[in-house]
1. Mind telling me which of the residues L303, L256, L271 ends up being touching a residue at least 60 places away in the same chain (Cβ under 8 Å), over 17 Å from Q334 (Cβ atoms) and of a type in the set (A, V, I, L, M, F, W, C)?
2. Would a scan of the stretch 97-109 turn up a residue that is among the small types (G, A, S), within 16 Å of the ligand (Cβ to nearest atom) and either outside any loop (DSSP other than H, G, I, E, B) or closer than 28 Å to V255 by Cβ (or both)?
3. What is the residue count in the stretch 133-168 for residues that are β-branched (V, I, T) and either in contact (Cβ under 8 Å) with a residue 60 or more places away in the chain or touching a strand residue (DSSP E or B) at 6+ places or on another chain (Cβ under 7 Å) (or both)?
4. Restrict the check to the stretch 202-215 and report whether at least one residue is under 12 Å from S68 (Cα atoms) and not hydroxyl-bearing (S, T, Y).
5. Looking for something surrounded by 19 or more Cβ atoms within 10 Å (Cβ to Cβ), without any contact (Cβ under 8 Å) to a residue 60 or more places away in the chain and not in a helix (DSSP H, G or I) - is there at least one such residue anywhere in the stretch 439-446?
6. Suppose we filter the stretch 226-236 for residues that are buried (at least 19 other Cβ atoms within 10 Å of the Cβ) and either out of contact with any Pro (no Cβ under 9 Å at 6 or more places or on another chain) or not assigned by TED's automatic domain parsing to the domain that holds I330 (or both); how many remain?
7. Can V163 be described as more than 30 Å from D302 (Cβ to Cβ), more than 16 Å from the ligand (Cβ to nearest atom) and surrounded by fewer than 17 Cβ atoms within 10 Å (Cβ to Cβ)?
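The values are calculated or read from the model by the stated rules, or taken from the named source; none is laboratory data. The shown structure was predicted, so the numbers you read here are calculated from the model rather than taken from an experiment. Please note: Cβ atoms are built from the backbone with ideal geometry, for glycine as well, and neighbour counts cover all protein chains shown.
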Amino acid sequence: MTTKTTTNDAVTIDNIITLCKSRGFVFPGSDIYDGLANTWDYGPLGVELKNHIKKLWWREFVTANENSVGLDGGILMNRNVWVASGHVSGFSDPLMDCKECQTRTRADKLIENNDANINADGWTNQALEDYINQHHLVCPNCGKFNWTPIRQFNLMFETHRGVTKDNADQIFLRPETAQSEYINFQNVQRSMRLKVPFGIGQIGKAFRNEITPGNFIFRTVEFEQMEHQFFCHANDSMAWYEKYKQKIWHFITKVLGVREENLRFHDHEKLVFYAKAACDMEYHFPFGWGELNGTHHRGVHDLTNHQNLSKKSMEYLDPITNEKYIPTVIESSQGVERLFLAILCDAYRTETLADGDTRVVLKLNPNLAPYQICVLPLQKKGLTETATKLYRELQQNFNVTYDDAGSIGKRYRRQDEIGTPLCITVDYDTLEDQSVTIRDRDTMEQVRVKLTDLNAKINELLTKSF
Ligand SMILES: [Zn+2]
């Protein structure tokens, strides 16, 4: 088939939300009870895509990364972990209530939304209030000007262990996963007999009680982090920082296949006092540039704080130089859901075909696609047995789905829309010549292949550059 297609890669967030809900990627959380703000459930195709992202990241940063091991820390930790990390005292948003309509607003965001040149991060409550009064910034919900004073609300979800509600029993759902690696630094180093430099990678859930609306799954109260903490000597730390910047660029562009023109690094001009360098990697979402990754040079801040509060040594004794020191930490951190969203936005295309027909196609890297292959009998009559047998065989080696409902054209479109790279059609000739047709998602070209050569041909097609 010759194809003359016009491709449009302009995508709106509504295109993605509609696709996600109708095709089983992402559903609104608690949907039948009218939802719960900023929560989402991942459907049958969403969980496959998520698992593929995590598997590829784990390989890149843990199993195939020199000097790296994995960890799966608990969500609940001793309260002192969050005292030492600074989250108990400092992890908060400046909020105020509108006395007219009772909605809550973040004071810093209200100012930044009024003037995009302002970064109100770190302003005192007094400075925020002064600005809001001077510029008469009204409630975005009702348009009135009648604010309560600004108060700081901690972003950690708080709960209590046991039956009493004493402060001593107060615990938190972790707002980030990284602290597990810091507090287990000695456990991991000793049990695995590791020498600095080495890294610990982890994938797990974290929770933040944010009120800022989220741009679909970009900002959610429950999310999954993939992060890697690398422990090294201060003298080599900037070289490792640069290496991890390059590593995340390689991972997102080459391993996941996100287009370079939609990505950029954004160096932090304003650094927290302990950091030597920090940058974000950003993706150009339909709603603007948004952070995907943070690569941070954290100095000795984290291990020192835990050493001070726990009174347990976080020092490392170099067996060759006999130098005793607290290692410097280079952090590489990303949210699974944000990468998920970037991948979908990046892969989404609408195409007008030569015959005037249109299709939506997700040009996903085959390693990410929920299904690599769809098996389709041309008709149910007389072909179901052969097609099902082939489907079962291919399942041994690939992620495969099966579709026999509706016209063949409609079935191809359904697979295009969920990003399945290859469709394999069983027809009446198959019964005679032991061959099937493979259709390529991107070119829509079809090739006839002997069943005996099928596995080799699939492997060849799935590894060509998409
Ligand atoms: Zn209001």
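1. Testing whether each residue is touching a residue at least 60 places away in the same chain (Cβ under 8 Å), over 17 Å from Q334 (Cβ atoms) and of a type in the set (A, V, I, L, M, F, W, C) leaves just L303.
2. yes
3. Result for the stretch 133-168: 3.
4. yes
5. The answer is yes; a qualifying residue exists.
6. Total meeting the criteria: 4.
7. Yes.
Matching residues to (1) farther than 28 Å from T350 by Cα; (2) at pLDDT 95 or above; (3) not in a helix (DSSP H, G or I):
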site: R392; (1), (2), (3): yes, yes, no
site: D404; (1), (2), (3): no, yes, yes
site: E417; (1), (2), (3): no, yes, no
site: E432; (1), (2), (3): yes, yes, no
site: V449; (1), (2), (3): yes, yes, yes
site: I458; (1), (2), (3): no, yes, no
site: S465; (1), (2), (3): no, no, yes
